Amino acid sequence: MATLDWLALSDAEWTAIRLSLKVSAVAMLASLPLALLAAMALARGRFWGRSLLNGLVHLPLILPPVVTGFLLLILFGRRGPVGTFLETYTGLVFSFRWTGAALACAVMGFPLMVRSIRLSIEAVDGRLEQAAATLGASPAWVFATITLPLILPGIIAGMILSFAKAMGEFGATITFVSNIPGETQTLSAAIYTFTQVPGGDSGALRLTLVSVVLSMAALLLSEWLATAAARRVSGT
Amino acid sequence: MATLDWLALSDAEWTAIRLSLKVSAVAMLASLPLALLAAMALARGRFWGRSLLNGLVHLPLILPPVVTGFLLLILFGRRGPVGTFLETYTGLVFSFRWTGAALACAVMGFPLMVRSIRLSIEAVDGRLEQAAATLGASPAWVFATITLPLILPGIIAGMILSFAKAMGEFGATITFVSNIPGETQTLSAAIYTFTQVPGGDSGALRLTLVSVVLSMAALLLSEWLATAAARRVSGT
Amino acid sequence: AEKVTVFAAASLKNALDAVNDAWQQQSGHAVTASYAASSALAKQIEAGAPADIFISADLAWMDYVAGKTLIREDSRSTLLGNRLVLVAPAADARPVEIGEGFDLKTRLAGGKLAMGAVDSVPAGKYGKAALEKLGVWSSVEKDVAGAENVRAALLLVSKSEAPLGIVYETDAAADPSVKIVGTFPESSHPPIVYPIAILSESTHPEAAAYLDFVRSPAAKPLFEAQGFTVLAK
Amino acid sequence: MTLDVSVRHRLDAFSLDIAFSAEGGITALFGRSGSGKTSLIRILAGLIRPDEGHVRLDGETIIDTASKAVTPPHRRRFATVFQEGRLFPHLSVRQNLLYGRWFSRPPAETGEIERVVGLLGIAPLLARPTAHLSGGEKQRVAIGRALLARPRLLLMDEPLAALDDARKAEILPYLERLRDETAIPILYVSHSVTEVTQLADRVLMIENGRLTASGTASDMLSLPGSSAAISRREAGTVIEATVLPHQPDPRIVKVAAGGLTLFLAGTARQPGQRLRLRIAARDILLATKRPEGLSALNIIEGVMTGMAPCGQDQIDVTLDCAGTRLTARITTVSADMLALTSGMPVHAVIKTVALDP
Amino acid sequence: MTLDVSVRHRLDAFSLDIAFSAEGGITALFGRSGSGKTSLIRILAGLIRPDEGHVRLDGETIIDTASKAVTPPHRRRFATVFQEGRLFPHLSVRQNLLYGRWFSRPPAETGEIERVVGLLGIAPLLARPTAHLSGGEKQRVAIGRALLARPRLLLMDEPLAALDDARKAEILPYLERLRDETAIPILYVSHSVTEVTQLADRVLMIENGRLTASGTASDMLSLPGSSAAISRREAGTVIEATVLPHQPDPRIVKVAAGGLTLFLAGTARQPGQRLRLRIAARDILLATKRPEGLSALNIIEGVMTGMAPCGQDQIDVTLDCAGTRLTARITTVSADMLALTSGMPVHAVIKTVALDP
Ligand SMILES: Nc1ncnc2c1ncn2[C@@H]1O[C@H](COP(=O)(O)OP(=O)(O)OP(=O)(O)O)[C@@H](O)[C@H]1O
Ligand SMILES: Nc1ncnc2c1ncn2[C@@H]1O[C@H](COP(=O)(O)OP(=O)(O)OP(=O)(O)O)[C@@H](O)[C@H]1O
Ligand code: MOO
Ligand SMILES: [Mg+2]
Ligand SMILES: [Mg+2]
C-alpha cells in the first residue's frame, strides 16, 4: 500500500509525462527530414562547406547544454532574429512553449540522428543504386525505393537515439523555455526540480523510473522495428 | 588590441583546456574496448538479457545527466561499492579526481559510441567473415583481420561522438566529481560557471569558442581518418 | 483567467509550492511557477519571458534584470533570508566552533570541503566570503570541491564523499544523513537574501495581489516550515 | 537503331580507347578477362563518365564530352544485366522483376511478364526474398528484371555465365527471339563462342582496352585470325546461311551458305530464314576421295589452299569450297597419310548434327 | 583420403538430403541451377549446420548431429572458392592471396606463391586493391587465395564460370596437376562437361536436393542416361584410357580405352599415363563400310545395339565396339539412308582432334 502510494503520480507529474512524450516524439519526427538531408549531404556531397556543415551539426554535442539553451534563447526567443522572423511569417512561436522544448530536444538529438543515418548511407552498396538507375529510376526514385529502405535500420537507430536524448535532455530545454508546468516542464525538468529541494529525492527517483520505463519501451520497439527492417533487407 | 586582450586566456583557463582535452581523450580511448564488446554483443549476440544490456547502454542518454552523476557518485564514490572495491584492489580512485571526470564523460558518451560501432558491425558482409574462416582464421583472427578493419569508419564515428560529447558534458561530471580547478574543472564546467554570473557572457563566449575550435579540429581529423579508412575498404 | 506566472530560484520549490496552493485557495486565482537557476530565469526575462514575478536566489541576478529595467523598481523587496551552516555526515557530527581563524583544515583531515562553486553558485560565493572574513580561506582554498548547486554540495556530504560542506540551513535541516556542526555568523558574509519583484512587462491584474500574499503573514509559516527566515515585514 | 560510340577513358594503369558503331540486333563484346568489356558497359550505362568521347543513339547525344552533354543514366533507359546480379535485397523476386515497370511507358503487360517468368523458370521463386537464391537463380531474375524494364538498349554482361548448359540452351532462343521480334538492340558480353555465334549480328573483339577487330560474327569467329579469347576447341568457321525451299524429305532442310549447299536436320526452319552456322575446325574431316556409306550428309568438294600449324602435331587446313573458306583441323600424321598439298582437291566431311546451333 | 557425408537439411521450401563418400582426387558436383550444390558446399565449409547427419574426413568427425560434435569452420581447413569471389575489400590482391598463409602450417613457400600467381596470370594485379578488378580477375584471385591456404579439402563452387575459355583451358591443367601431385582432395561444382570430364574422378549428380546418381566420370557423363544438366551439344561418352608404349611415329600416341585402341595427337603423353577421353555423340560418324582416304585416324568396328530418338529428326545410335559402348548422334535421314538396324556391323569414325581433351 505504501509502495503503491509512493508510485502514485500526481496530476502535475502525469502532465509532465504526457508533455515529455509529446515533446520527444515531435522532436524526433520533426528533425528526421532535416537529419536525412544533412546525412545525405555529409555522406555523399562533395561541396564546399561540407566540413562547416559537419561542424554545425555536431555543435549541440560539443557545447554545454546550457550554452546551447542560451543560443536558442538568443536566436529563437521572442526577441531573437529567427524567432521574430518565424513568428511574423509562419506564426510559429517557440519561446516558452512546448514547441520550444521540442526544438531544444531536436537540436540536442540532431547530431546523434545525423551520425546514425550517415553511417548507414555510407554502408549502402552504391552498385544497387546504379542498377536501379539503369532500370529507369531517377535519383529521387532511387532514393525512395532503394536507399531509403536500405538505410531504415540506421534511421531507426537515429530516431531512437534522438528520442532517448530528448527524454533525458533538460539543460538546453530549461534554459531556453524555462520550466513551466504544463507547457515546458518535461519529465527531465521535473526530475531536475526535485533534485533541487530537500526531500525531493524520492520524487526524483519515482520520475526517473517512469522515464526509464518509457524510454526502454521505446527502445524495445525500435529494436524490434530495426530487426524487422534488417530482416527484410537481408531476406532471412 | 582590445580584441586580443579579450581572447587572451588566463592560466586557469589554459589549465581547464588541457584538462578537458585529457579527460575527453582518456574517456574516448578507455571506453573504446568496452564499447566494441558491447556493440559486438548487441549486433551479433543472441543471448538472454540482450535487451537488458541494450537498455543499460542507453541509460546515460535517457537519464538527465544530473541523475547519471548522482548514480556514479553512489556507485563509484569513495564510499560506493564499486569505488571501494576499485580503490582496494587496483588503487584507482575516481572521486574528486580527473579520472572521475573521465569516467563520467566516458559513461555519457558510451551509448553514442556503441550505437555507431554497432551500426557498422551490422553493415559488415558476413560472407567475408565466412570466407576468412574457411581459410583457417579463428573467430578472434576473423575479428581482428576482417571485421575490425571493415568497421573502422564506424569506430571513428563513435570515437568522435564520444569525444565531442565529453567536451560538452558537464552535468554528470560536476555532480560526480565537482568543479575543482586543475583537477576536475573542465572547459564545460568553466563555461557553465561563467554563465552563472551576471556579466559572464563574454567569458563564456570566449571559452565556448575555444571548445568549438578544439572539437572542430578533432572532428576534421576524424573525418579525414574515416575517409582514409573508407577509401582503403572500398579500394578507391 | 491567465495564471500568474512566477519565475523562482529552484531552491524555493517546496516552500513556494505550498504558498502558491494557499494563495490559490484563498484568492481563487491560479498561479504557476517555473523553477530554474536564477541565471537562466534572468536571461529568460531579458528575452521576454511571459512571467509576472521573479524571485532570485541572490541579489546579483535581481540587480541584473533591474539594470535592464525589466522589473518595477517599486515592487522590489527582499523576501527571504537564509543562514549558512557547516555540515558533516551524521556519522561524524563533532561540532565545530566557527570563529575567527578556526581550524577548518585540520577538521577536513585531507578531505574535501563541499560547497557551491565559489565563482558562480550563490551559496558558494557566500561561503567563500565567510571563510575569507574569518581568515581561513587561504588554508582550505585548495581543498574546496565546488558543486553545481547547494544540493549537489549537500549530496557530497550526505554520501560521505566530503567530510564537511557549507550549505544553507534550509537544505541541511531537511536531510537526516547530515548534521549541522556549526553556523556561520551573519556578519561573516553578505546577507543571504531572496529578492522578489514584479516584472515591467507583466500585465496580469493579480500580480500585485500575489506579491502581497507572498509577503503576508499568511505565507510566513509556510516559508519558515522550510527553514527560511522571512524578511518581509 | 544506330549506336555510335567513341570513348577514351583511363582507370589507373588500364586505359580504354574504343570507337565503334552498331546497328540494331545483338552486338557481342568478346575479349579476355580484364580486357575492358565491363568498363565499356559501365560507360554506356552511365556509371562511368568517360574522359573523352561521345556516345550517340540514333543521333541523340547520350554523352559528348566536348559539349559536356551527358544524359543521366535513368533517362538513357539502357537496362543492364550486371555480371554480379545486383538484385535489390529488400525486394522480393517479384518486386525485383517489376522494378523497371514503374518507369517504363508503356509498362510491360501481364502477358509479357508471364512469358519472361516462364521462360526463365523463375515462377516458383516469385514470392521469395532474393538473399538465398542460388547463383543461377539470381542471374535469371536479373535478366528478367532488365527485360521487363522495356529498355531502349539492353546491356548484358556475361548474363549466362552462372547458368548450366541446359538452362543456357533454353534461354538463348528467347534472346534470339528478343533480337528478332523486338527492336531492342543488345550489347552482349560473353566468353562463349556458342552464345556469340548464335546471337550476335556483329562482334567487337576487345583486347587490353582496344578494339582489335570488329565485323560480322562470321568474320570475327572464323579461323584463321580469330581472337585469342576463342579456345582451340571452339575455333572454326562461322557462315551465314539461308534456308532454301522445302526438300522432299521434310526431316531435312537445305541451306545456302556462301557458295555451299548444306543439309541440316530439323523441320522447324522456314524457307528464306537466315541462320548462322558455326563449323568448328575440329568437326571437319578431310577425304581425298568421296567417301561412301557415311552417315554424314554433307560431303563438300573443295580445294586445299593452305595449312597453318595449330599447337603440337595438329594443323589447320584451309579449303576453298566454291568460294567459301572452311578450316579443318587434322593431325599432322593424317596430313602426311593423305599427302595433302596446296591446290589439291579434297572432300570436306561435316556431320549434319555438328551443324546444330 | 575419405570424405564421408550424409546430411539432411531444410531451407524453407527446399530440402537437401544427400549421402555420399568420396576418395581423394576431384569429386564433381553436377546439377542444374538451384539443385542444391552451393548449399552442400556451405554445409561442408561449416557455414550451415545441417539439421541432421554427419560429415567425416578420414574417420575424423567434422559434423555429427547425433553426438552434437561440430568442428568450427576454421579448424576444418576446407578452403572454399565461392561462386561470388568474396575477396576482402580492405586488403590488396597480394594480401588476399596470402591471407590463409597466416594460418597454415607450414605456410605456402615463396616458390609456390610464385607458381600460383604466374599460373593465374595475376602478377600485374598484386599491388592493386580488389575493388576494381574485373569479374574474371576477382575469381582468379579467389582461386589463388584458396590454393595458398594449403587446405585439407578444397571446395570450389563454379570457380571458372567467370573466365574466358582460353583462360579456363590454361587453368584446368593446373587443377589437374593439383589433383595429381598434391594429395588435396577437391569438391568441384561445375556446369561444364568439359571441366568435369577433364578433372573429375567421381561425379555426383544432384537434382532438387537429392543425389540422383553418382559414379565415375565415365559412367556419369556418358549417354544414355546422363543428366539433364548436360546439354545436347555436350552429350556423349566418357572413357578412361591408358597410353600405350610409344608408336614409331612420335607425333601420335596410341591409347587403350576399354576394349578399343584409339589414336591421339600429341607427344606430351607418357606411356602408362591414364587419361579421360570424352567423345561427344555429335563427333562420331557412322559408316556401313570402311571408309578410305579419310583424315580420321580412328575408324572403329562395332555392332549397332540400339537407337534412341534425340530431339527432332535426330537419333542417338548405340554401338558396341569391342565391349565398349559408344553413342553416335546422326540424323534420322542418314539412318534411313544407311538402313541402320540393330545388330548391324558399322564403322564409327572419330576424328583424332575431336579426342583432344
Ligand atoms: N576503377 C578502376 N580502377 C582501376 N582499374 C580498373 C578499374 N576498373 C577496372 N579496372 C581494370 O581495368 C581492366 C578492365 O576491367 P573490366 O572489368 O572492364 O574487364 P572485363 O573485360 O569485364 O573482364 P572480365 O571478363 O574478367 O569481367 C581490368 O584490368 C581491371 O582491373
Ligand atoms: N537459406 C535459404 N533459405 C531458403 N531457400 C534457400 C536458402 N538457400 C538456398 N535456398 C534454395 O535452395 C535451392 C538450392 O540452392 P543452391 O544455392 O544450393 O543451388 P545451386 O545448386 O548452387 O544453384 P546454382 O547453380 O544456380 O548456383 C535454391 O532453390 C535456393 O533458392
Ligand atoms: O537556487 Mo540556487 O541557484 O541552487 O542557490
Ligand atoms: Mg567483366
Ligand atoms: Mg550455386
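The values are calculated or read from the model by the stated rules, or taken from the named source; none is laboratory data. Just so it is clear, the model here is predicted, and its values are computed rather than measured. Cβ atoms come from the backbone with ideal geometry, glycine included; neighbour counts cover every protein chain shown. Only protein heavy atoms, including side chains, enter the accessible area calculation; ligands, DNA and RNA are left aside. Shrake-Rupley method; radii C 1.70, N 1.55, O 1.52, S 1.80 Å.
This table checks each residue for (1) open to solvent by 50 Å² or more (accessible area, probe 1.4 Å); (2) more than 18 Å from B:F194 (Cβ to Cβ); (3) among the acidic types (D, E).
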| position | (1), (2), (3) |
| --- | --- |
| C:F102 | no, yes, no |
| C:G110 | yes, yes, no |
| C:L113 | no, yes, no |
| C:S120 | no, no, no |
| C:G124 | no, no, no |
| C:K128 | yes, no, no |
| C:L131 | no, yes, no |
| C:G135 | yes, yes, no |
| C:S139 | yes, yes, no |
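In the stretch A:204-221, what count of residues is obtained for those that are at the interface with another protein chain (Cβ under 10 Å from one of its Cβ atoms) and in contact (Cβ under 8 Å) with a residue 12 or more places away in the chain?
Total meeting the criteria: 8.
Any idea which of B:G91, B:G45, B:G55 is out of contact with any His (no Cβ under 7 Å at 6 or more places or on another chain) and more than 14 Å from chain A (Cβ to nearest Cβ)?
Working: B:G45 fails: more than 14 Å from chain A (Cβ to nearest Cβ); B:G55 fails: more than 14 Å from chain A (Cβ to nearest Cβ).
After applying the criteria, what remains is B:G91.
Can you report the number of residues in the stretch C:78-103 which are of a type in the set (S, T, Y) and over 25 Å from C:A173 (Cβ atoms)? Give the steps one after another, and end with the answer.
Let us first name the residues in the stretch C:78-103 that are of a type in the set (S, T, Y), namely C:78.
Keeping just the survivors that are over 25 Å from C:A173 (Cβ atoms) gives none.
Of the residues in that region, 0 qualify.
Testing D:R276 on (1) modelled with pLDDT under 85; (2) open to solvent by 20 Å² or more (accessible area, probe 1.4 Å); (3) farther than 16 Å from D:A28 by Cα, one condition comes back false. Which one is that?
Evaluating D:R276 over (1) modelled with pLDDT under 85; (2) open to solvent by 20 Å² or more (accessible area, probe 1.4 Å); (3) farther than 16 Å from D:A28 by Cα leaves (3) as the failure.
Do the conditions hold for B:P111, that is, is it more than 8 Å from chain E (Cβ to nearest Cβ) and either over 13 Å from the mean Cα position of the chain (by Cα) or crowded, with 24+ Cβ neighbours inside 10 Å (or both)?
On the way: more than 8 Å from chain E (Cβ to nearest Cβ): yes; either over 13 Å from the mean Cα position of the chain (by Cα) or crowded, with 24+ Cβ neighbours inside 10 Å (or both): yes.
Considered against the rule, which asks whether it is more than 8 Å from chain E (Cβ to nearest Cβ) and either over 13 Å from the mean Cα position of the chain (by Cα) or crowded, with 24+ Cβ neighbours inside 10 Å (or both), B:P111 comes out as yes.
What is the one condition in (1) hydrophobic (A, V, I, L, M, F, W, C); (2) open to solvent by less than 20 Å² (accessible area, probe 1.4 Å); (3) touching an Asp or Glu at 6+ places or on another chain (Cβ under 6 Å) that D:V303 does not satisfy?
Just one mismatch for D:V303, condition (2).
D:K289 fails exactly one of the following numbered conditions: (1) among the charged types (D, E, K, R); (2) in a strand (DSSP E or B); (3) surrounded by fewer than 18 Cβ atoms within 10 Å (Cβ to Cβ). What is the number of that condition?
All conditions pass for D:K289, except number (2).
Out of curiosity, is C:V96 in contact (Cβ under 8 Å) with a residue 60 or more places away in the chain, away from chain B (no Cβ under 14 Å) and under 18 Å from the mean Cα position of the chain (by Cα)?
Values: in contact (Cβ under 8 Å) with a residue 60 or more places away in the chain: yes; away from chain B (no Cβ under 14 Å): yes; under 18 Å from the mean Cα position of the chain (by Cα): no.
Against the criterion (in contact (Cβ under 8 Å) with a residue 60 or more places away in the chain, away from chain B (no Cβ under 14 Å) and under 18 Å from the mean Cα position of the chain (by Cα)), C:V96 does not qualify.
For the stretch E:68-81, check the following and say yes or no: at least one residue is within 16 Å of ligand 5 (Cβ to nearest atom) and either in contact (Cβ under 8 Å) with a residue 40 or more places away in the chain or more than 30 Å from E:E176 (Cβ to Cβ) (or both).
Residues of the stretch E:68-81 that are within 16 Å of ligand 5 (Cβ to nearest atom), as a first pass: E:80-81.
Of the ones still in play, those that are also either in contact (Cβ under 8 Å) with a residue 40 or more places away in the chain or more than 30 Å from E:E176 (Cβ to Cβ) (or both) are E:80-81.
Taking every residue of the stretch E:68-81 in turn, at least one turns out to be within 16 Å of ligand 5 (Cβ to nearest atom) and either in contact (Cβ under 8 Å) with a residue 40 or more places away in the chain or more than 30 Å from E:E176 (Cβ to Cβ) (or both).
Go through the stretch C:146-168 and give me each residue that's within 11 Å of chain B (Cβ to nearest Cβ) and either among the hydroxyl-bearing types (S, T, Y) or within 16 Å of ligand 3 (Cβ to nearest atom) (or both).
Keep residues of the stretch C:146-168 that are within 11 Å of chain B (Cβ to nearest Cβ), which gives C:146-149, C:151-153, C:155-156, C:158-163, C:165.
Result: C:G146, C:A147, C:E148, C:N149, C:R151, C:A152, C:A153, C:L155, C:L156, C:S158, C:S160, C:G165.
Go through the stretch A:168-183 and count every residue that is farther than 22 Å from C:A15 by Cβ and more than 16 Å from ligand 3 (Cβ to nearest atom).
Selection size over the stretch A:168-183: 7.
Any idea how many residues of the stretch E:322-336 are surrounded by fewer than 23 Cβ atoms within 10 Å (Cβ to Cβ) and more than 8 Å from chain D (Cβ to nearest Cβ)?
Our first condition is that a residue be surrounded by fewer than 23 Cβ atoms within 10 Å (Cβ to Cβ); within the stretch E:322-336, this holds for E:322-325, E:332-333, E:335-336.
Next, from what is left, pick out any that are more than 8 Å from chain D (Cβ to nearest Cβ): E:322-325, E:336.
Within the stretch E:322-336, residues that are surrounded by fewer than 23 Cβ atoms within 10 Å (Cβ to Cβ) and more than 8 Å from chain D (Cβ to nearest Cβ) number 5.
Yes or no: the stretch B:51-74 includes at least one residue that is small (G, A, S) and part of a loop (DSSP other than H, G, I, E, B).
To start, the set of residues in the stretch B:51-74 that are small (G, A, S) comprises B:51, B:55, B:69.
Cutting the leftovers down to part of a loop (DSSP other than H, G, I, E, B) gives us none.
There is no residue in the stretch B:51-74 that is small (G, A, S) and part of a loop (DSSP other than H, G, I, E, B).
What number of residues within the stretch A:37-50 are in a helix (DSSP H, G or I), open to solvent by 30 Å² or more (accessible area, probe 1.4 Å) and hydrophobic (A, V, I, L, M, F, W, C)? Show your work before the answer.
Step one: list which residues in the stretch A:37-50 are in a helix (DSSP H, G or I), which gives A:37-44, A:50.
Next cut, open to solvent by 30 Å² or more (accessible area, probe 1.4 Å) only: A:37, A:40, A:44, A:50.
Restricting the remaining residues to those that are hydrophobic (A, V, I, L, M, F, W, C) gives A:37, A:40.
Qualifying residue count for the region: 2.
Pick from the stretch D:338-357 the residues that are at the interface with another protein chain (Cβ under 8 Å from one of its Cβ atoms) and outside any strand (DSSP E or B): which of them is farthest from E:D249 (Cα to Cα)? Outline the logic, then answer.
Within the stretch D:338-357, the subset at the interface with another protein chain (Cβ under 8 Å from one of its Cβ atoms) is D:338, D:349, D:351-354, D:356.
Okay, now just the ones that are also outside any strand (DSSP E or B), so D:338, D:351-354, D:356.
Numbers: D:L338: 15, D:K351: 29, D:T352: 33, D:V353: 33, D:A354: 30, D:D356: 35 Å.
For the stretch D:338-357, the residue satisfying everything is D:D356.
Does the stretch E:32-42 include one or more residues that are out of contact with any strand residue (DSSP E or B) (no Cβ under 9 Å at 6 or more places or on another chain) and under 30 Å from E:L133 (Cα atoms)? Steps first, please.
First, the residues of the stretch E:32-42 that are out of contact with any strand residue (DSSP E or B) (no Cβ under 9 Å at 6 or more places or on another chain): E:33.
So of that shortlist, the ones also under 30 Å from E:L133 (Cα atoms) come out as E:33.
Yes, the stretch E:32-42 has at least one match.
Just checking, how many residues over the stretch B:192-225 are touching a Ser or Thr at 6+ places or on another chain (Cβ under 7 Å) and among the basic types (K, R)?
0
With the requirement that a residue be part of a strand (DSSP E or B) and either within 13 Å of ligand 1 (Cβ to nearest atom) or more than 23 Å from the chain's Cα centre (by Cα) (or both), what does the stretch D:57-69 give you? Let's see the steps before the verdict.
Our first condition is that a residue be part of a strand (DSSP E or B); within the stretch D:57-69, this holds for D:57, D:60-64, D:69.
Hits for the stretch D:57-69 are D:E60, D:T61, D:I62, D:I63, D:D64, D:A69.
Name the single residue, out of those in the stretch D:29-46 being without any contact (Cβ under 8 Å) to a residue 60 or more places away in the chain and out of contact with any helix residue (DSSP H, G or I) (no Cβ under 8 Å at 6 or more places or on another chain), that is farthest from D:R8 (Cα to Cα).
Applying the filter and picking the extreme gives D:R42.
Could you tell me which of the residues E:L187, E:L163, E:L199, E:L154 is buried (at least 19 other Cβ atoms within 10 Å of the Cβ), in contact (Cβ under 8 Å) with a residue 24 or more places away in the chain and within 16 Å of ligand 5 (Cβ to nearest atom)?
Values: E:L163 fails: within 16 Å of ligand 5 (Cβ to nearest atom); E:L199 fails: within 16 Å of ligand 5 (Cβ to nearest atom); E:L154 fails: within 16 Å of ligand 5 (Cβ to nearest atom).
The unique qualifying residue is E:L187.
Which pairs do you get when a residue that is farther than 14 Å from C:N20 by Cβ and at the interface with another protein chain (Cβ under 7 Å from one of its Cβ atoms), found in the stretch C:44-55, comes within reach of a residue that is small (G, A, S) and open to solvent by less than 10 Å² (accessible area, probe 1.4 Å), reach meaning Cβ atoms under 6 angstrom, with the pair 6+ apart or on two chains?
Close Cβ pairs satisfying both conditions: C:Q44/A:S178; C:A47/A:G77.
Restricting to the stretch D:130-151, give me the number of residues that are modelled with pLDDT under 90 and touching a strand residue (DSSP E or B) at 6+ places or on another chain (Cβ under 7 Å).
Total meeting the criteria: 1.
Could you check the stretch E:7-53 and list, in sequence order, the residues that are buried (at least 17 other Cβ atoms within 10 Å of the Cβ), touching a Pro at 6+ places or on another chain (Cβ under 9 Å), more than 14 Å from chain D (Cβ to nearest Cβ) and assigned to a strand (DSSP E or B)?
Result: E:V7, E:A22, E:I26, E:T27.
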